[in-house]
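K.L.:
Sharing a structure with you now.
The numbers here are math on the coordinates, done by the rules we state, and not lab data. The structure displayed is predicted, hence computed values, not measured ones. For neighbour counting, all protein chains shown are included, and Cβ atoms are generated from backbone atoms with ideal geometry for every residue, glycine included.
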Amino acid sequence: MIGAVFYIECSSKTQQNVKAVFEGAIKVALRPLKTKKKPSKQRTCAFL
């Protein structure tokens, strides 16, 4: 698994779906990034 956002088959020889690949890449590049918020770890004091 490469973690791709989408998959489009294309052919540079016949130019099939080449435009769709570039349009998809532009749409993904312009989308805002989804950030995962990690739960904050509360630090506690430990007396030994």
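K.L.:
Can you tell me which of 4-13, 17-26 comes out highest on packing, and rank the rest after it, using the mean Cβ neighbours within 10 Å? Intermediate values should be presented prior to the final figure.
P.N.:
Working: 4-13: 9.4, 17-26: 12.7.
Output ranking for 4-13, 17-26: 17-26, 4-13.
K.L.:
What's the local net charge at Glu23, with K and R +1, D and E -1, over the other residues with C-beta under 15 Å away? Before the final figure, lay out the partial values.
P.N.:
Values: positive: Lys19, Lys27, Arg31; negative: Glu9.
Here the charged neighbours net out to +2.
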